[in-house]
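Could you have a look at this structure, given as structure tokens, before my questions?
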Ligand SMILES: [Fe+2]
């Protein structure tokens, strides 16, 4: 599974801290061990069940968010970095892990997916933090999983938290609100 996760997420290599990179990879391995979804499935299933007839795959959406977040963070660091401390490793780790809890939230339903029993009770922001903490992911990164979604609207986001939240929503709401 180690190599499958590395293949799934080439962006892991962007994390400079080797220890953090390993922990992020292990979190995905743990998620797959608890899910009936496989790495291959993530190239076929829709990225969300909240958009009807969604044609964008889970991986295309998740990788888009990682790329948008990383590029945004670099530009913010370049122009605003003297006033805002931005940790690029934290941004990439958080973006890669943001939706890892969806492996608990969804389960297979024939060729498609549906909400699992766990997913009906615990949204992926919660299960994602749980998986990450089991792999010793630092709090700064767990925070990003916790606040990337609407759950974070009632909490104070870090700078990296705002970057990931907006990268996620700018690539989700146009589908959600498409008439
Ligand atoms: Fe999410």
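Per residue, how much space in cubic angstrom lies within the convex hull of the C-alpha atoms of segment 52-167?
So the per-residue Cα hull volume is 113 Å³.
Nearest 10 degrees, 0 to 90: what angle lies between the long axis of helix 159-170 and the longest principal axis of the chain (Cα atoms)?
Approximately 40 degrees, to the nearest 10.
Same structure again: What is segment 115-179's relative contact order, in percent, from Cα pairs under 8 angstrom and six or more apart in sequence?
25 percent.
Still on this structure, I have one more. Once you have a ≥ b ≥ c as the square roots of the Cα gyration tensor eigenvalues for segment 1-85, tell me rounded if a/c is under 1.5, and otherwise prolate or oblate according to whether a/b is larger than b/c.
Oblate shape, in that a/c is at least 1.5 and b/c is the bigger or equal ratio.
Which angle from 0 to 90°, rounded to the nearest 10, does the C-alpha axis of helix 58-80 make with the longest principal axis of the chain?
Approximately 10 degrees, to the nearest 10.
Can I ask one more? Over the chain, what relative contact order in percent results from Cα pairs under 8 Å that are six or more residues apart?
Over the chain, the number comes to 24 percent.
For each of 106, 172, 162, count neighbouring Cβ atoms within 10 Å of the residue's Cβ, then give the residues from fewest to most.
Sorted ascending by nearby Cβ count, the order is 162, 172, 106.
Tell me the angle of helix 18-33 to the major Cα principal axis of the chain, expressed in degrees between 0 and 90 and rounded to the nearest ten.
20
At 222 nm, what value in deg cm²/dmol follows for the chain if DSSP H runs of at least 4 each add -39500 (n - 2.57) and the sum is divided by all its residues, to the nearest 500?
Taking each H run of at least 4 residues, the total per residue is -16500 deg cm²/dmol.
Highest first, please rank the peptides 65-73, 151-159 by the mean number of other Cβ atoms sitting within 10 Å of their residues.
65-73, 151-159
Could you sort 139-146, 42-49 so that the peptide with the highest average Cβ count within 10 Å comes first and the rest follow in order?
139-146, 42-49
Another question about this same structure. Can you tell me which of 160, 105, 13 moves the most in a GNM of the chain? Springs connect C-alpha atoms under 10 Å apart.
Greatest mean-square fluctuation among the candidates belongs to 13.
Values in this text are rule-based calculations from the coordinates and carry no lab data. Values in this document were obtained by computation on a predicted structure and should not be read as measured data. FYI the Cβ positions are ideal-geometry reconstructions off the backbone, even for glycines, and counts take in every protein chain you see.
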